[in-house]
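Written out below as structure tokens is the structure these notes cover.
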Amino acid sequence: MLKIGQEQLELLERLTNACAVSGDEGAVRKIVLEEVKPHADKVKVDAMGNVLVTCLGDAAKGGGERLKVMVAAHMDEVGFMIISDEKEGLYRFSCVGGLDPRQLVGKSLWVGKKRVPGVIGAKPIHLTKREERKRAVSLDSMRIDVGPENGSKVKVGDMATFSTKFTRLGKSIRAKALDDRFGVATLIELVKHAPKNIDLLAAFTVQEEVGLRGAGVAAYTFDPDLGFALDCTPARDFLPWDDEDENASYNTRLGDGPAIYTADSSTLSNPRLIKYLVSTAEELGIPYQLRQPGGGGTDAGAIHRQRMGIPSVTVSVPARYLHTAALISRVADWEATLALMHEALGRLGAGDEVLGIRD
Amino acid sequence: MIKTLELLKELISAPGLSGFEGPVSQIITEAWEPITDELQTSRVGSLHGLQRGTGAEPRPKILLATHMDAIGLMVAGYAGDCLRITSIGGVDHRVLPGQLVTVHGREALPGVVAQPPANLLPVEDAKAPVILNHLLVDVGLTAEELRQKVRLGDVISFAQEPLEMGKNILAGHSLDNRASVVALSLALEDLQTRSHAWDVWAVATVQEEETMAGAKTSTFGLRPDIAVAIDVTFAEGPGAPKHQAFPLGKGITLGWGSTVHPALYAKFKEIAQELEIPFAMEPLPGRSGTDADALQVSAMGVPTMVLSIPLRYMHTPVEMIGIKDVKRIGRLLAEFIVRLPLDFMETLVWED
């Protein structure tokens, strides 16, 4: 089974340290193209900026029967756009993608393609009143501040991200944008070790965080038999504040392995694909967990409704603190995700024996 | 030769929370060893550096106080694989979620401040800030590993790296008050090659952010004739309107109010004007909120002055200063001291 070693961790480090806010995925696209080109039969960057990679199976050479399997991972991340220049290095900004305003103050940022250092400050506590501290700092009052000397290096329209650098924490990882560089790194590994029983159609998608936009057109182009989305999903497995009640809505738990989606706001996962992933994991002793049905959405939401319908499912690496400056995740969960996906794809039959999807 | 930016970055990369100043004291010791005649550590941990004057003994003494401690967090308990926390110094809980931190357990453990989801908290408003008691710190360990490596009372420092924002602007945590420590170091370096009649006691004080225990006890022990507290003040910017703040990087402030001896203020002002060091008068109507509040009332009372560096986003991990202001304070301190005559105290009179 595929493993996560130093090489894979270094790739994830490069990917998470790169900045790719939705609509501005170039920095990640560049890494993806470098990594996949030597291993692909065909690589195309489409009209939206998706990277579409084809790895043909053995049967393709003789025109034989095989499944065309699309696997998607989104390259973009949530972040900020500079919307107004207030001079002296101060800027108004808007959030791109879903961000909690309570996670923004007191953070450092990389602004623009030159990664100019910036901060989102906060009013000194000394100047606040007790009542004021009971309310969240409003987005309207926040500014991105690159300092009075660097104002000329930033312009309206520039994107910004948190400037968190990838760090190993023992068996865990702390980084920004693990949502969804985990998926991107996993998909790069799958391309490098592409199963020969299928045509692997790898879609490194854009603009997932602003409405699953890239995945829809990628699925149209690929016209696959099956769709998998690789993503990153919250582990909200904390103890309740009083240590007494049960945490009944944890979504997923760190350390329990890849999260196979049942249902989220965007997709009811294909039950046969859920069953197939579960049985593959159980047969091989790969840990897995079923993500609690709930909110959220992944590229599967756009894929499964494309063309005449594409049976789809999502598999995510569980992580804490999605859409904040720093996520924490376990290397073992990533490794099990990669292993499960590689084994599951590698065991797909040519027709309907496994899935009953072609009759 | 002190490299201002390098020393600043080194000092704000070190922990050294109030009561736990060891790591930062070590760095200051190394910086001060070549530029002082004598170094000692007080019973509560403040660092005293002496530069002897040229006057006949017993010489008058000036004490220059910069606090070296920093605000931060402390481990208050365990919550599964996370830590419950409390604060050291004035921390606005609203700047904490998502902050990078280092937990100083049996080893230094990088982590992050976690904001648990509202459904696990006793809150009515899911969008309200999560109070300190409900925030957690996650270092990526399992519950069992965590209990082996972290104990109650271990300190947690901010891990924001220094940010150079052009040549003259620096941001990071603990610039309050490590920026002033650097200003004082520059003054000591300058004074080392110049003649001054007075003894100069440079003091890096402890625990300013909590009890001012350092400033109070060092002043009692050293019995200076006059004292100066060097600290930071509010710089104009988001959250700090003009009437409460001073322009960033465009000059220092001279404190004025009950904490400050008016004749000392007048002398500092005169020298700043003479040297064309840009400054503003900072009204301090009540407590100064600096070590000066302790210096002034030590023993029989000490004529005290307050000098400050304007700083944005005070008590957040992204405090921001102008480096020129650090140098300006260093220069003003040195120039004040070389101009101090042995009989200065006789001229320090109340003009009523």
remark   = Counted residues in segment B:316-334 being of a type outside the set (Ser, Thr, Tyr), crowded, with 23+ Cβ neighbours inside 10 Å and within 14 Å of another protein chain (Cβ to nearest Cβ) come to 7
task = Could you check B:Glu209 against (1) crowded, with 24+ Cβ neighbours inside 10 Å; (2) not in a strand (DSSP E or B) and say which number it fails?
result = (1)
key: Residue that is nearest to B:Gly249 (Cα to Cα), among those in segment A:76-104 that are assigned to a strand (DSSP E or B) and within 11 Å of chain B (Cβ to nearest Cβ)   = A:Leu90
ask   = Are any of the residues in segment A:303-317 touching a residue at least 40 places away in the same chain (Cβ under 8 Å), touching a Cys at 6+ places or on another chain (Cβ under 9 Å) and buried (at least 24 other Cβ atoms within 10 Å of the Cβ)?
value = yes
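Which members of segment A:14-41 meet the condition of being among the acidic types (Asp, Glu) and in a loop (DSSP other than H, G, I, E, B)? Talk me through it step by step, then tell me what you get.
Of all residues in segment A:14-41, those among the acidic types (Asp, Glu) come to A:24-25, A:34-35, A:41.
If the condition is that a residue be among the acidic types (Asp, Glu) and in a loop (DSSP other than H, G, I, E, B), then A:Asp24, A:Glu25, A:Asp41 are the ones that fit.
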Members of segment B:236-288 that are touching a helix residue (DSSP H, G or I) at 6+ places or on another chain (Cβ under 7 Å) and aromatic (Phe, Trp, Tyr) = B:Trp256, B:Phe268, B:Phe279
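Condition first: assigned to a helix (DSSP H, G or I) and surrounded by fewer than 21 Cβ atoms within 10 Å (Cβ to Cβ). Now tell me which residues in segment B:335-352 satisfy that. Write out each step before concluding.
If we filter segment B:335-352 for residues that are assigned to a helix (DSSP H, G or I), which is where we start, we get B:335-338, B:344-347.
Within segment B:335-352, B:Glu335, B:Val338, B:Phe344, B:Met345, B:Glu346, B:Thr347 meet the criteria.
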query = Residue check, A:Ile173 against (1) within 12 Å of another protein chain (Cβ to nearest Cβ); (2) at pLDDT 95 or above; (3) within 22 Å of B:Tyr313 (Cα to Cα), all met but one. Which one?
reply = (3)
ask   = Could you say which residue among B:Glu282, B:Glu274 is among the acidic types (Asp, Glu) and within 14 Å of chain A (Cβ to nearest Cβ)?
value = B:Glu282
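Evaluate segment A:251-273: report whether one residue or more is part of a helix (DSSP H, G or I) and either among the hydrophobic types (A, V, I, L, M, F, W, C) or buried (at least 21 other Cβ atoms within 10 Å of the Cβ) (or both).
Quick first cut of segment A:251-273, residues part of a helix (DSSP H, G or I) only: A:271-273.
Imposing the further condition that a residue be either among the hydrophobic types (A, V, I, L, M, F, W, C) or buried (at least 21 other Cβ atoms within 10 Å of the Cβ) (or both) reduces the set to A:273.
Within segment A:251-273, one or more residues are part of a helix (DSSP H, G or I) and either among the hydrophobic types (A, V, I, L, M, F, W, C) or buried (at least 21 other Cβ atoms within 10 Å of the Cβ) (or both).
Residue-wise test of (1) more than 22 Å from A:Pro234 (Cβ to Cβ); (2) touching a Gly at 6+ places or on another chain (Cβ under 8 Å); (3) assigned by TED's automatic domain parsing to the domain that holds B:Trp32.
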site	(1), (2), (3)
B:Val123	no, no, no
B:Val139	no, yes, no
B:Arg151	yes, yes, no
B:Gly166	yes, yes, no
B:Val182	yes, yes, yes
key: segment A:105-134: number of residues that are without any contact (Cβ under 8 Å) to a residue 40 or more places away in the chain, assigned to a loop (DSSP other than H, G, I, E, B) and more than 7 Å from chain B (Cβ to nearest Cβ)   = 4
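Could you say whether any residue in segment B:93-103 is more than 24 Å from B:Asn177 (Cα to Cα), among the hydrophobic types (A, V, I, L, M, F, W, C) and at the interface with another protein chain (Cβ under 7 Å from one of its Cβ atoms)? Spell out how you get there, then give the answer.
As a first pass, look at segment B:93-103 and keep what is more than 24 Å from B:Asn177 (Cα to Cα): none.
No, because not a single residue in segment B:93-103 is more than 24 Å from B:Asn177 (Cα to Cα), among the hydrophobic types (A, V, I, L, M, F, W, C) and at the interface with another protein chain (Cβ under 7 Å from one of its Cβ atoms).
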request  = Give the residues of segment B:129-172 that are at the interface with chain A (Cβ under 9 Å from one of its Cβ atoms), under 30 Å from A:Gly89 (Cα atoms) and not hydrophobic (A, V, I, L, M, F, W, C), sorted by residue number.
outcome  = B:Pro129, B:Gln160, B:Glu161, B:Glu164, B:Gly166, B:Lys167, B:Asn168, B:Gly172
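Quick one: which residue in A:Val156, A:Val210, A:Val206 is of a type in the set (Val, Ile, Thr) and not assigned by TED's automatic domain parsing to the domain that holds A:Ile328?
Working: A:Val210 fails: not assigned by TED's automatic domain parsing to the domain that holds A:Ile328; A:Val206 fails: not assigned by TED's automatic domain parsing to the domain that holds A:Ile328.
After applying the criteria, what remains is A:Val156.
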ask   = Which condition breaks for B:Ala65 when tested against (1) surrounded by 24 or more Cβ atoms within 10 Å (Cβ to Cβ); (2) closer than 22 Å to A:Lys123 by Cβ?
value = (2)
remark   = Counted residues in segment A:205-262 being within 14 Å of another protein chain (Cβ to nearest Cβ), aromatic (Phe, Trp, Tyr) and within 22 Å of A:Glu25 (Cβ to Cβ) come to 0
key: Selected residue (criterion: farthest from the other protein chains (Cβ to nearest Cβ)) from residues of segment B:108-128 that are under 28 Å from the mean Cα position of the chain (by Cα) and buried (at least 18 other Cβ atoms within 10 Å of the Cβ)   = B:Val113
ask   = Is it the case that A:Val154 is at negative phi, in contact with a helix residue (DSSP H, G or I) (Cβ under 9 Å, 6 or more places away or on another chain) and crowded, with 17+ Cβ neighbours inside 10 Å?
value = no
ask   = If the Cβ limit is 9 Å and pairs must be 6+ apart or interchain, which residue in segment B:239-251 that is free of Cβ contacts under 8 Å to residues at least 12 places away in the same chain and more than 9 Å from every other protein chain (Cβ to nearest Cβ) pairs with which residue that is surrounded by 14 or more Cβ atoms within 10 Å (Cβ to Cβ) and outside any helix (DSSP H, G or I)?
value = B:Lys242/B:Glu236
ask   = So which of A:Gly64, A:Gly49 ends up being in a loop (DSSP other than H, G, I, E, B) and buried (at least 17 other Cβ atoms within 10 Å of the Cβ)?
value = A:Gly49
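Name the residue, out of A:Leu56, A:Leu52, that is touching a residue at least 60 places away in the same chain (Cβ under 8 Å) and over 20 Å from the mean Cα position of the chain (by Cα). Steps first, answer last, please.
Details: A:Leu52 fails: over 20 Å from the mean Cα position of the chain (by Cα).
Residue meeting the stated conditions: A:Leu56.
The values are calculated or read from the model by the stated rules, or taken from the named source; none is laboratory data. Note that this is a predicted model, so its numbers are computed, not measured. We place every Cβ from the backbone using ideal geometry, glycine too, and count neighbours over all the protein chains shown.
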